[in-house]
1. Yes or no: residue 270 part of a loop (DSSP other than H, G, I, E, B) and in contact (Cβ under 8 Å) with a residue 24 or more places away in the chain?
2. Being among the aliphatic types (A, V, I, L, M), at pLDDT 95 or above and under 24 Å from residue 18 (Cα atoms): is that true of residue 305 here?
3. Inspect all residues belonging to the range 348-356 and state whether any of them is at pLDDT below 95, within 26 Å of residue 46 (Cβ to Cβ) and among the β-branched types (Val, Ile, Thr).
4. I'd like the full set of residues that are over 17 Å from residue 149 (Cα atoms), in a helix (DSSP H, G or I) and free of Cβ contacts under 8 Å to residues at least 40 places away in the same chain, limited to the range 185-212.
5. Just give me the residues in the range 154-181 being farther than 30 Å from residue 9 by Cα, modelled with pLDDT under 85 and either surrounded by 13 or more Cβ atoms within 10 Å (Cβ to Cβ) or within 30 Å of the chain's Cα centre (by Cα) (or both), in sequence order.
6. Within the range 343-389, can you find the residues that are assigned to a loop (DSSP other than H, G, I, E, B), surrounded by 15 or more Cβ atoms within 10 Å (Cβ to Cβ) and among the aliphatic types (A, V, I, L, M)?
7. Name the residues in the range 182-193 that are more than 28 Å from the chain's Cα centre (by Cα) and surrounded by 15 or more Cβ atoms within 10 Å (Cβ to Cβ), would you?
8. From (1) over 23 Å from residue 4 (Cβ atoms); (2) modelled with pLDDT under 95; (3) crowded, with 22+ Cβ neighbours inside 10 Å; (4) not basic (Lys, Arg), pick out the condition that doesn't hold for residue 261.
Amino acid sequence: MITLAIAGKPNCGKSTFFRAATLAQVEIANYPFTTIDANHGVAYVRTACPCREMHVPCGNCLDGVRFVPIGLIDVAGLVPEAHKGRGLGNQFLDNLRQADAILQIVDASGGTDAEGNPVGIGSRDPVKDIEFLQYEFSMWMYGILSRNWAKLQRQAQARDFSLAAAIADTFAGLGVTLEHVRDATEGAGVDLRTAGEEGLIRFCRELMAISKPMLIVGNKADLAPKECLDRLAKHDVVFASAAGELALRMAAEGKFIRYLPGDRSFTANPETSLSAAQRAGLAKVAEFMQRFDGTGVQQALDAAVFNLLDMIVVFPVEDEHKLTDGKGRVLPDAFLMKRGSTPRDLAYQVHTDIGEGFLYAIDAKTGMRVKDTLELKTGDIIKIVSVRK
């Protein structure tokens, strides 16, 4: 399963974002270090279900919208010099190991200082918080590398020793590959065999950006003054109101409104009554959604998976005519796959045995047999023919 981590300084709305995305019960409070241990949950990315296009009701979507599960980790807040053990220390940087990408939550309202303590709205430049997390994470990686550097340099004297491969092994627990190391070396413009401290830090920053891509989420944008929004808008930021999304999801769960995560608006249920305070609160959320084209929470999840990680959604079936699996269920599975994946890759993702016995694939939309080198795209419905089941 694809896993995203929610990271940032304390009290920027990470736990609210996590709860809004998962509806998990986590502690939310207006003080630093509300989250001590990382929270783990399941969120979803949104895509169109092909059942409507194929005119075959599937029972696995909502109004033609398919939600595909992903893992979500709410990491405790990081403070300056966390890589040196300050605040709650390296254990929370360590929680980012299993993440494929990071959602960096920034307090767009400028209402918290560098350590997450409440200050007046607009008192802090939120742009400062963007650089902070990237610096802490890259310095944490540098700390790991520097502890092993003397040994690696000695080994590098051997003619057949690959320093890049050894560095990849050093960071294997972070999901770093040899390709990541080579790309980071080129991007940083360093010769690893002769690099000094400055060069290695630059390399680690590049390696962090490649192996753990980050999406910046300007949370609390509903409270942010124009000056803060304007400064953040110069960066690639998804503006969000996690509190607004949480209110909508809870209202939808209580059947007070009709709303699907990622919708640009919601409608009130005429069969239920809302208090004046509830109506006023929902009106504020509606105003934010109109301005920012949604609450930003689902948009951030989708952008991280489909844009940052470049994933697609493919639907495997056993019967290409009825679009069912072996139990007669219509389009029961939706697989997230890397863009550029082929039918053979899909076969292996379904099951290793299916992949090893792969013969050919059929595009269920056209009924035609396709090449095993075909590049799959989102919405494809594929039947795998294999000698193994």
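The values are calculated or read from the model by the stated rules, or taken from the named source; none is laboratory data. Computed from a predicted structure; not experimentally measured. Cβ atoms come from the backbone with ideal geometry, glycine included; neighbour counts cover every protein chain shown. Keep in mind that these areas ignore ligands, DNA and RNA; they rest on the heavy atoms of the full protein, side chains included. Shrake-Rupley method; radii C 1.70, N 1.55, O 1.52, S 1.80 Å.
1. Values: part of a loop (DSSP other than H, G, I, E, B): yes; in contact (Cβ under 8 Å) with a residue 24 or more places away in the chain: no.
No.
2. Yes, satisfied.
3. Scanning the range 348-356, I find at least one residue that is at pLDDT below 95, within 26 Å of residue 46 (Cβ to Cβ) and among the β-branched types (Val, Ile, Thr), so the answer is yes.
4. Kept after step one, since they are over 17 Å from residue 149 (Cα atoms), are these residues of the range 185-212: 186-189, 206, 208-212.
Applying the additional criterion that residues be in a helix (DSSP H, G or I) yields 186-188, 206, 208-211.
Residues satisfying the conditions are 186, 187, 188, 206, 210.
5. Start the filter on the range 154-181 by keeping residues that are farther than 30 Å from residue 9 by Cα, which leaves 154-166, 178-179.
So of that shortlist, the ones also modelled with pLDDT under 85 come out as 156-160.
If the condition is that a residue be farther than 30 Å from residue 9 by Cα, modelled with pLDDT under 85 and either surrounded by 13 or more Cβ atoms within 10 Å (Cβ to Cβ) or within 30 Å of the chain's Cα centre (by Cα) (or both), then 156 is the only one that fits.
6. 364, 374, 376
7. Let us first name the residues in the range 182-193 that are more than 28 Å from the chain's Cα centre (by Cα), namely 189-193.
Hits for the range 182-193 are 190, 192.
8. (1)
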